[in-house]
Amino acid sequence: MADFDIFRKYFEPKKYKTGYVATIAGRGRPTLRPVSIFLVGRDIYFCAGTGNAKVKQLEKDPRVEVCIPVTRGRWRGYYRIAGCARIIKDARARLRIFKKIPYAAEEYWKGADDPAFTAVAIKPRRSRYLAPGQTHETDAKL
């Protein structure tokens, strides 16, 4: 089974995972916080309020690392994805992403054209996987 297929299985049945995103804050200080990460096709996204600190930090420095915890039975593991974040500006792309947000029904935003809605794509540069029950990370092709 391909690396991405294994990765995708961890998102079932909810279609999203709570993970952690690290951005670079002022003076080069890393800042970590939880986010809901979801997939649209083979692309990795999270959404945020436009005024949030993480969005402002990504506008200044798009380098990001995401950690997504995974489980299999009682065993725990994770994916670490280092890459570059891109804020989605295209209206059609924003609409496509908005329709796929698993938690849109919770009414965080009024729609894809809501100025408070920011969609962020993550382009992986390096991905590491610690399989549940293992003790060493391996490279993952995402």
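Derivation of every value follows stated rules applied to the coordinates shown; laboratory data play no part. Just so you know, these numbers come straight off a predicted model, no measurement behind them.
Under 5 Å from the amide H of A140 lie the amide H atoms of S127, R128, Y129, each residue being 5 or more positions distant or on a separate chain, with H modelled from the backbone and absent for Pro and chain starts. With the Kirkwood sum run over all distinct C-alpha pairs, segment 26-121 has a hydrodynamic radius of 14.5 Å.
Compute the angle between helix 91-100 and the longest alpha-carbon principal axis of the chain, please, reported from 0 to 90 degrees and rounded to the nearest 10. For helix 91-100, the angle is close to 50 degrees.
Relative contact order for segment 52-119: 25 percent, from Cα pairs under 8 Å spaced at least 6 residues apart, divided by residue count.
Derived scalar couplings between HN and Hα for segment 85-90 equal 9, 10, 7, 7, 9, 5 Hz in order, rounded to whole Hz, by the Karplus curve 6.51 cos²θ - 1.76 cosθ + 1.60 (θ = phi - 60°), x for Gly and Pro.
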